[in-house]
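*Asks:* Let me begin by handing over the structure; questions about it come next.
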Amino acid sequence: MTKNFGPEYVRAIAPYQAGKPIAEVAREFGLQEDAIVKLASNENPFGVPESAKAAMSAAAAELGRYPDANGFDLKAALSARYNVPADWVTLGNGSNDILEIAAHAFVERGQSVVYSQYSFAVYALATQGVGARHIVVPAKAHGHDLDAMLAAIAEDTRLVFIANPNNPTGTFIPAADIEAFLQKVPASVVVVLDEAYNEFLAAENQFESADWVKKYPNLLVSRTFSKAYGLAGLRVGFAIAQPALTDLMNRIRQPFNVNSLAQAAAIAALNDKEFLAKSATNNAAGYRQFTEAFEQLGLEYVPSYGNFVLVKVGEDTGAGARVNLSLLKQGVIVRPVGNYGLPEWLRISIGLPQENAVLIAALTKALAES
Ligand SMILES: *Cc1c(COP(=O)(O)O)cnc(C)c1O
């Protein structure tokens, strides 16, 4: 008999299920790594921007030293870009780190956290990790039901997570709805607005949420360099909030949570407007490529505002796993979402046109077998 270590709320955590790495699929299915197409983790298909590679080469000479614990240069760049004071910025080892730090900084064990059904898996992990109570609000049309979320806020609620656009469903909440929500949320409840896919939004949907931070002392906006900026492997994200929140975030975070290469690369990527524009253009074209194919195949999908699409690949609860296995055998990695309670669906990241074409052909074959 082994002893049970740790608190019950830690033992109850269901570990995060990441997209399968290319090398693992190659080993498991006896495939060549370079023949595999990975559309599983919403990464940028262009990879690391050249500007960021150059910045990292320059920064590599100093790797014998600790990184700047305060991220002075990166915070200065973000401060200029978002027009907020530098001390309103908190850096994270990926925005995942920001979400975890927020849970630790603002929520006590036994208090509650509100988030939506079908929203990002890390909200449940961060909540569970501090021994808090989950208030999971049923989704509306696969997206956030802000009225229901507002009504679900309890006396002991300290944090609300909102993903906009949402992962894994790709749904989007217009600016006016978010602002109406912010006006009504009790001032004692911290709202984390997680905008990991913001840079993919079309111009007409763009809004500057950093400006809301000036109006709402309980708002924390979270962004990442992992998606549109192509730096997923480096782990850099950041939060913008007023000092009352930022100060607490800074007490909880590890002193050196963002490494030197990541800080240098993020500054370069932030200023690389061309790379960002190229990524957005490719994404819009890939979205059309996917959705036209899904319509031809008669597949239901959730209209997406991110760099991925949630598509229904069958009517039975085994459909997602079955089609996923067929895709893996054909060397295409996508994301099954059974762990989100969506076992009939797959989440597919938008790649380069040729990668998208490989996915469409493999999916067509998988559905014919299914
Ligand atoms: C990918 C993602 C993140 C986290 O990305 P990091 O790599 O940790 O910055 C956060 N929120 C959502 C909704 C995501 O999809």
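*Asks:* What is the residue count in the range 111-170 for residues that are part of a helix (DSSP H, G or I) and either over 22 Å from R335 (Cα atoms) or open to solvent by 10 Å² or more (accessible area, probe 1.4 Å) (or both)? Show your work before the answer.
*Replies:* Looking only at the range 111-170, we keep the residues that are part of a helix (DSSP H, G or I), and these are 121-129, 146-152.
Of the ones still in play, those that are also either over 22 Å from R335 (Cα atoms) or open to solvent by 10 Å² or more (accessible area, probe 1.4 Å) (or both) are 121, 124-125, 127-129, 146-152.
Number of matching residues: 13.
*Asks:* Exactly one of (1) of a type in the set (K, R); (2) within 16 Å of the ligand (Cβ to nearest atom); (3) over 23 Å from L39 (Cβ atoms) is unmet by R235. Its number?
*Replies:* (3)
*Asks:* Looking at the range 73-85 only, could you name the residues that are in contact (Cβ under 8 Å) with a residue 12 or more places away in the chain and of a type in the set (A, V, I, L, M, F, W, C)?
*Replies:* L74, A77, L78, V84
*Asks:* So, of the residues in the range 57-98 that are within 21 Å of Y197 (Cα to Cα) and of a type in the set (S, T, N, Q), which turns out to be farthest from the chain's Cα centre (by Cα)?
*Replies:* Per the criteria, the residue is N83.
*Asks:* Which of the residues belonging to the range 1-27 are charged (D, E, K, R) and within 30 Å of S119 (Cα to Cα)?
*Replies:* Selection gives E8, R11, K20, E24.
*Asks:* Go through the range 178-198 and give me each residue that's in contact with a Leu (Cβ under 6 Å, 6 or more places away or on another chain) and either open to solvent by 40 Å² or more (accessible area, probe 1.4 Å) or more than 18 Å from G143 (Cα to Cα) (or both).
*Replies:* K184, V190 - these are the residues of the range 178-198 that are in contact with a Leu (Cβ under 6 Å, 6 or more places away or on another chain) and either open to solvent by 40 Å² or more (accessible area, probe 1.4 Å) or more than 18 Å from G143 (Cα to Cα) (or both).
*Asks:* Restricting attention to the range 311-359, report how many residues are closer than 15 Å to G286 by Cα, without any contact (Cβ under 8 Å) to a residue 60 or more places away in the chain and crowded, with 24+ Cβ neighbours inside 10 Å.
*Replies:* Adding up the residues that qualify gives 1.
*Asks:* Can you name the condition, by its number, that T157 falls short on among (1) in contact (Cβ under 8 Å) with a residue 40 or more places away in the chain; (2) within 16 Å of the ligand (Cβ to nearest atom)?
*Replies:* (2)
*Asks:* Going by the conditions given, is Q289 over 30 Å from A368 (Cβ atoms), touching a residue at least 40 places away in the same chain (Cβ under 8 Å) and surrounded by fewer than 22 Cβ atoms within 10 Å (Cβ to Cβ)?
*Replies:* On the way: over 30 Å from A368 (Cβ atoms): no; touching a residue at least 40 places away in the same chain (Cβ under 8 Å): yes; surrounded by fewer than 22 Cβ atoms within 10 Å (Cβ to Cβ): yes.
The answer is no for Q289.
*Asks:* Go through the range 74-96 and report how many residues are of a type outside the set (F, W, Y), open to solvent by 10 Å² or more (accessible area, probe 1.4 Å), more than 11 Å from the ligand (Cβ to nearest atom) and assigned to a helix (DSSP H, G or I).
*Replies:* Adding up the residues that qualify gives 8.
*Asks:* Can you pull out every residue in the range 115-166 that is touching a strand residue (DSSP E or B) at 6+ places or on another chain (Cβ under 6 Å) and either of a type in the set (G, A, S) or not assigned by TED's automatic domain parsing to the domain that holds S222 (or both)?
*Replies:* S116, S119, A132, A139, A148, A152, A154, A163
*Asks:* Here's another thing I want to ask about it. Of all residues in the range 360-370, how many are out of contact with any Ser or Thr (no Cβ under 9 Å at 6 or more places or on another chain) and either surrounded by 17 or more Cβ atoms within 10 Å (Cβ to Cβ) or closer than 20 Å to E28 by Cβ (or both)?
*Replies:* Qualifying residue count, the range 360-370: 1.
The values are calculated or read from the model by the stated rules, or taken from the named source; none is laboratory data. As the structure is a prediction and not an experimental result, all values here were calculated from the model. Note: ideal-geometry Cβ built from the backbone for every residue, glycine included; neighbour counts use all protein chains shown. The protein model used for the area step is the full one, side chains on, heavy atoms only, and it has no ligands, DNA or RNA in it. Shrake-Rupley method; radii C 1.70, N 1.55, O 1.52, S 1.80 Å.
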